[in-house]
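Student: Submitted below is the structure of interest, expressed as structure tokens.
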Amino acid sequence: MFKSIQWKLVLMFVLLIIAVMLVFGLFFQYRISAFYHNSFLQAMRHSFSNELTGQLQSAAQSPDSLGELDKILAIYSGRMGISSNRNYYILDKKTGTVLAGSDNINMLERSDNILAAMAGKTGDFIAQRLPYMDYAVGVDDSYIVYIKDKKEEIFETMRTIYIIVGQALLIGIGISIVLGFFLSRTITRPIGNLTTKAASIANGNYDAKIEIKGNDEIGKLATTFVYMTSMIKSSMEEIAQEKNKLETMFRYMTDGVIAFDVEQKVIHINPAAKDMLRIKNEKKLVFDDYFAKLGADICMAQMLYIDQQSTLEKELETNDRHIKAYFVTFKTDEEKLSGVIVVLQDITEAQQLEISRREFVANVSHELRTPQTSIKTYSETLQAFARGEDEKKFLNVIIKEVDRMARIIRDLLTLSSLDNKKYSAHFEFFSLDELLRDVTEKMSIQAEKNHRVLEYFPSTSIPDIYADRDKIEQVITNVVTNAIKYTSDGGKIEIYAGYLYNEVYIKIKDNGIGITKKDLLRIFERFYRVDKARSRERGGTGLGLAIAKNFIELHDGTIKIDSVYGKGTEVLIQLPIPNKDEGENTL
Ligand code: ADP
């Protein structure tokens, strides 16, 4: 109870009253005692004026000096205020013993004032610490008149003051408790109200009414609180709306979504994902085990802590469905990785369509081969008999176009056999350096014919590679042909080769027309040509790079194209260097 502000305020009031009364009492005590001491001294000095001193001196000379002195002092006792509390004494000046006095005491403490008087001075020193006040005056050489006041009057006054202060203190404390209690309530009550409302708002009741009384600090606090509540309310509504929207989207989207926490447990799954993967009890799923079962080589710890990869793409096959899964890590506000989200796309139909499309292309290509061969044979035969210039020219065009058609059919058949994994490859160890020298030599003639310069810059040593020589040659020839095709007269094509760690690299660089960033993204697509007219004119099919990519991937290598539009293009091919024994065993 005493921890509440209300009681703390009451306590403060009480302590304040006590402090005030204490200071007041002490100050009063000091002033009253100073006043009494002062008036005693004044009274004594006044009493022992020349008149009394003179009379005392002459009495001291008389034969019954002691009796005379006593008599004079008795006469003056009214003026000196002699009473039961204040007495006079006649002391022996030499010994300080009591010879006579207004009471019967015959032993007195030898005070500083008595000692002063014995030394011939007036003893009028007031010592506040002593329980009495005294005054000593030497008379002649034999006596000392000594006045001693027991301070009874001071003590009495003090007692009365203490009682008054004590009573005032008690009344003050009583009033301060009552006043403090009611005054502090004016502060604590609105705070209490606000606290209750805050608790109800925390429980989601944003419509709790808050009364604003006055414009003081608490009033301002209440206004701010009302404003804050309205802001929270609108934010919460917005969040709830967003949440609803997301949940609806989640529920009805055709793509599956599963969120896993770092413990590999499912924290969210939508109906599409459940349906796609036929999940009955998602609580039992554990990320690594589950995706291992589906044939995806993926490990959550690796994604979160080692690779820190933000996205991974895997293909899963389950229940006759073909599913593409995208794995993305997600973070909390503090940039701490908190799990993985898997987005699933059912690509079964798309894949079937793609297979049919490829089959169709393969069939058409096959069917076209026979008419194409016939057209070529007949055209060549006709050319042999042709007489007129025009006839020859037309037949030349037909033969050129039929050759292009033959190239397209060849490329298409190559691609479809690659798609169907029916392509036979002949792997062997061979020198890449030698192959590049051969290609450079062969292509230099073509380059020179087109007014280009083709040069090869090998690094000091290039290890042999284990690959299908023909295919690698086809890829390099294709890339170099492109470099020649898409470079202007006087262009320069450079081939660099070397090795880094366990890979050989071949870099084919030209200073030709370049490719824009937008086109670069699609460059490996089948039939994608940046400038169709130029490609066609130069005998291109738009399939060269698609085949090159397939061939290189067949060798577990990579092919990348980098280009600056208008400046030139750089193609980088990387191939693994296998351990000789390992190569023979595995490939
Ligand atoms: P194509 O038979 O048309 O050359 P490719 O698949 O070999 O087909 O290349 C695809 C397209 O990429 C080309 O049509 C061309 O526009 C572009 N390209 C390829 N290599 C280069 C290069 N070195 N410089 C500029 N553009 C290039």
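The values are calculated or read from the model by the stated rules, or taken from the named source; none is laboratory data. Just so you know, these numbers come straight off a predicted model, no measurement behind them. Neighbour counts run over all protein chains shown; Cβ positions are idealised from the backbone, glycine included. Quick note on the areas: whole protein, heavy atoms, side chains included, nothing else; ligands and nucleic acids left out. Shrake-Rupley method; radii C 1.70, N 1.55, O 1.52, S 1.80 Å.
Student: State which residue pairs qualify: first residue within 20 Å of T569 (Cβ to Cβ) and within 16 Å of the ligand (Cβ to nearest atom) and inside the range 464-485, second residue open to solvent by less than 10 Å² (accessible area, probe 1.4 Å) and polar (S, T, N, Q) in any location, beta carbons under 8 Å apart, and separation of 6 or more residues or different chains.
Tutor: Every condition considered, the pairs that remain are K485/S535.
Student: Okay, moving on. Limited to the range 95-111, what total is found for residues that are in a loop (DSSP other than H, G, I, E, B) and in contact (Cβ under 8 Å) with a residue 40 or more places away in the chain?
Tutor: Matching residues across the range 95-111 total 2.
Student: Could you list, in sequence order, the residues of the range 550-567 that are open to solvent by 60 Å² or more (accessible area, probe 1.4 Å), within 19 Å of V504 (Cβ to Cβ) and part of a loop (DSSP other than H, G, I, E, B)?
Tutor: D556
Student: Could you check the range 444-514 for strands (runs of 3 or more DSSP E) lying wholly inside it with 2 or more residues that are under 51 Å from the mean Cα position of the chain (by Cα)?
Tutor: Fully inside the range 444-514 and qualifying: 492-500, 503-510.
Student: Scan (1) under 33 Å from the mean Cα position of the chain (by Cα); (2) modelled with pLDDT of 90 or more for the single condition N205 breaks and write down its number.
Tutor: (2)
Student: Also, quick follow-up: Take the range 250-289 and flag every residue that is within 34 Å of the chain's Cα centre (by Cα) and closer than 14 Å to T318 by Cβ.
Tutor: Across the range 250-289, the qualifying residues are G256, I258, A273, L285.
Student: Being of a type in the set (V, I, T) and free of Cβ contacts under 8 Å to residues at least 12 places away in the same chain is the filter here; which residues of the range 176-195 pass it?
Tutor: Of everything in the range 176-195, those that are of a type in the set (V, I, T) and free of Cβ contacts under 8 Å to residues at least 12 places away in the same chain turn out to be V178, T186, T195.
Student: Go over the candidates L169, L115 one by one and state the one that is assigned to a helix (DSSP H, G or I), farther than 21 Å from E68 by Cα and under 60 Å from the mean Cα position of the chain (by Cα). I'd like the intermediate steps shown before the answer.
Tutor: On the way: L115 fails: under 60 Å from the mean Cα position of the chain (by Cα).
Exactly one of L169, L115 is assigned to a helix (DSSP H, G or I), farther than 21 Å from E68 by Cα and under 60 Å from the mean Cα position of the chain (by Cα), namely L169.
Student: Kindly list, by first and then second residue, each pair from a residue in the range 376-405 that is closer than 26 Å to G540 by Cα to a residue that is surrounded by fewer than 14 Cβ atoms within 10 Å (Cβ to Cβ) and charged (D, E, K, R), limited to pairs with Cβ atoms under 7 Å and residues at least 6 apart or on different chains.
Tutor: Once the first residue is closer than 26 Å to G540 by Cα and sits in the range 376-405, its partners that are surrounded by fewer than 14 Cβ atoms within 10 Å (Cβ to Cβ) and charged (D, E, K, R) give Q383/K392; I399/E380.
Student: Would you check which residues across the range 466-510 are of a type in the set (A, V, I, L, M) and open to solvent by 10 Å² or more (accessible area, probe 1.4 Å) and list them?
Tutor: Within the range 466-510, just L500 meets the criteria.
Student: Just checking, how many residues over the range 148-161 are touching a residue at least 60 places away in the same chain (Cβ under 8 Å) and either charged (D, E, K, R) or open to solvent by less than 30 Å² (accessible area, probe 1.4 Å) (or both)?
Tutor: Going through the range 148-161, the residues touching a residue at least 60 places away in the same chain (Cβ under 8 Å) turn out to be 148-154, 157-158, 161.
Filter again for either charged (D, E, K, R) or open to solvent by less than 30 Å² (accessible area, probe 1.4 Å) (or both), leaving 148-154, 158, 161.
Count: 9.
Student: Does I399 satisfy the condition of being open to solvent by less than 60 Å² (accessible area, probe 1.4 Å) and within 56 Å of the chain's Cα centre (by Cα)?
Tutor: Criteria not met by I399.
Student: Would you mind finding the one in I144, I164, I175, I191 that is more than 30 Å from F28 (Cα to Cα) and open to solvent by 40 Å² or more (accessible area, probe 1.4 Å)? Even if it seems obvious, please write down each step before you answer.
Tutor: Working: I144 fails: open to solvent by 40 Å² or more (accessible area, probe 1.4 Å); I164 fails: more than 30 Å from F28 (Cα to Cα); I175 fails: more than 30 Å from F28 (Cα to Cα).
Just one listed residue meets the conditions, I191.
Student: With (1) in a loop (DSSP other than H, G, I, E, B); (2) without any contact (Cβ under 8 Å) to a residue 40 or more places away in the chain as the list, and D141 as the residue in question, which single condition is left unmet?
Tutor: (2)
Student: When you go through I547, I573 one by one, which is the residue that is over 49 Å from the mean Cα position of the chain (by Cα), in contact (Cβ under 8 Å) with a residue 60 or more places away in the chain and not in a loop (DSSP other than H, G, I, E, B)?
Tutor: On inspection, the qualifying residue turns out to be I547.
Student: In the range 321-340, is there at least one residue being at positive phi and open to solvent by 70 Å² or more (accessible area, probe 1.4 Å)?
Tutor: Checked against the condition, which is being at positive phi and open to solvent by 70 Å² or more (accessible area, probe 1.4 Å), the range 321-340 yields at least one hit.
Student: Could you tell me which numbered condition T332 fails, if it satisfies all but one of (1) within 30 Å of H268 (Cβ to Cβ); (2) touching a residue at least 24 places away in the same chain (Cβ under 8 Å)?
Tutor: If we test T332 against (1) within 30 Å of H268 (Cβ to Cβ); (2) touching a residue at least 24 places away in the same chain (Cβ under 8 Å), just (2) comes out false.
Student: Then there's this: Scan S77, S142, S102, S111 and give me the residue that is in contact with a strand residue (DSSP E or B) (Cβ under 8 Å, 6 or more places away or on another chain) and over 23 Å from A43 (Cα atoms).
Tutor: On the way: S77 fails: over 23 Å from A43 (Cα atoms); S102 fails: over 23 Å from A43 (Cα atoms); S111 fails: over 23 Å from A43 (Cα atoms).
The unique qualifying residue is S142.
Student: Continuing with the same structure: Mind listing whichever residues of the range 497-554 are within 6 Å of the ligand (Cβ to nearest atom), among the acidic types (D, E) and at pLDDT 90 or above?
Tutor: Result: D510, single match.
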